[in-house]
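Step one of this worksheet: look at the structure below.
The values are calculated or read from the model by the stated rules, or taken from the named source; none is laboratory data. Computed from a predicted model, the values in this text were never measured in an experiment. Cβ placement follows ideal geometry from the backbone for every residue including glycine, while neighbour counts extend to all protein chains displayed.
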Amino acid sequence: MGSNPATPTKMKPLTESCEWFFYAIKLSFMFYVYILLSQKKAHFYIGSTGNLNDRLSRHNGGRSKATKAGIPWDLVLSEEFETRSKAIQRELELKSWKSHTRIAELISASR
């Protein structure tokens, strides 16, 4: 019958589209090492997560056995990493310091 084929639209090269897609994916899968300060006990807590807002909410909501007694917690430092293994490596490094003073100095230097 009299149907006309659709006019082809100009598309971006596949490699450019894929680069943007993977860049967007990468941004959504960042990992964080964080340090919390208990307002109640003046203690630090060091952890890592893929969702910083949710994790802070869980700490302050009493849903973490390790931090329940220190509620409320303030986020005093966070560092961003591209992989979970790098975040865990940094978390373990900070925990190995075992020094309230050294952690406080790190927080002060980051501000």
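Inside the range 82-99, can you point out the residues that are part of a loop (DSSP other than H, G, I, E, B) and either charged (D, E, K, R) or within 19 Å of His43 (Cα to Cα) (or both)?
Quick first cut of the range 82-99, residues part of a loop (DSSP other than H, G, I, E, B) only: 82-83, 98-99.
Answer for the range 82-99, where residues must be part of a loop (DSSP other than H, G, I, E, B) and either charged (D, E, K, R) or within 19 Å of His43 (Cα to Cα) (or both): Glu82, Lys98, Ser99.
Name the single residue, out of those in the range 41-66 being among the hydroxyl-bearing types (Ser, Thr, Tyr) and within 20 Å of Glu93 (Cα to Cα), that is surrounded by the fewest Cβ atoms within 10 Å (Cβ to Cβ). Out of the qualifying residues, it is Tyr45.
Criterion applied to Ile88, Ile46, Ile35 was being at pLDDT 95 or above and farther than 16 Å from Leu106 by Cα, and the one residue passing it is Ile88.
Would you check which residues across the range 63-81 are free of Cβ contacts under 8 Å to residues at least 24 places away in the same chain and either more than 20 Å from the chain's Cα centre (by Cα) or not in a loop (DSSP other than H, G, I, E, B) (or both) and list them? Residues satisfying the conditions are Lys65, Lys68.
For beta carbons closer than 8 Å, sequence separation of 6+ or different chains, a first residue in the range 92-111 that is more than 13 Å from Glu79 (Cβ to Cβ) and a second that is part of a helix (DSSP H, G or I), the qualifying pairs are Trp97/Ile103.
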